[in-house]
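All remarks here apply to the structure that follows.
The values are calculated or read from the model by the stated rules, or taken from the named source; none is laboratory data. Bear in mind the structure is a predicted one, so any value in this text is a computation, not a measurement. Note that we place each Cβ from the backbone using ideal geometry, even for glycine, and neighbour counts take in every protein chain shown. Calculation scope for accessible area: heavy atoms of the full protein, side chains included, ligands and nucleic acids excluded. Shrake-Rupley method; radii C 1.70, N 1.55, O 1.52, S 1.80 Å.
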Amino acid sequence: MENGNENPEDANEHYPGPQLKCAGKSDSCEDAQTKRSVLQLLKDLAQVIKPHGICFADLVEIAERMATMKYKILVLSGKGGVGKSTFSAQLSFALAGVMDYQVGLLDIDICEPSMLGLEGQEVHRSNLGLSLVYVEDNLGVMSIRFMHASKRR
């Protein structure tokens with residue numbers, strides 16, 4: 001905050017900062033500057049996803065569904081063969097079995113999806129979308145493998 005304004009030196013250019021009238025007074029700021037920043041962010045996002053065939057309404061629905069999940073854990077690596085799927089499966093079984101949580105596991109590895117012991121499973125479509133493959137009552141799995149034609153032959 002030594003740069004002459006009240007924002008931290010490492011704040012990004014759209015950081016609204018503590019100078020907003022509603023800062024610290026509400027859960028969602030009603031300031032016009034914040035609304036413009038969010039609107040611009042959404043417009044930028046729409047331009048990025050449009051060439052990939054994803055529509056904005058899909059993102060809204062995904063965001064709404066994700067908001068119902070209390071915790072989300074992402075397991076990733078820039079290298080293949082390091083055990084991401086194994087770790088994810090074991091963590092899911094531990095959370096569902098030992099901790100008795102409701103767990104959903106999503107494997108989106110396009111190159112080599114490998115959900116341990118679930119080969120040959122298929123997802124079912126409904127008016128709500130795709131249904132998970134349930135391993136336990138409280139452990140549902142979705143994998144690219146279930147929909148990947150060359151892996152089902």
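Observations on the model:
- Any hit, the range 62-75, residues being in contact (Cβ under 8 Å) with a residue 24 or more places away in the chain and open to solvent by less than 80 Å² (accessible area, probe 1.4 Å): no
- Residue in the range 93-106 that is assigned to a helix (DSSP H, G or I) and either open to solvent by 60 Å² or more (accessible area, probe 1.4 Å) or within 22 Å of M147 (Cβ to Cβ) (or both) present: yes
- Residue among K79, K25, K43 that is modelled with pLDDT of 80 or more and among the basic types (K, R): K79
- Number of positions in the range 93-138 that are in contact with a Gly (Cβ under 8 Å, 6 or more places away or on another chain) and modelled with pLDDT under 80: 2
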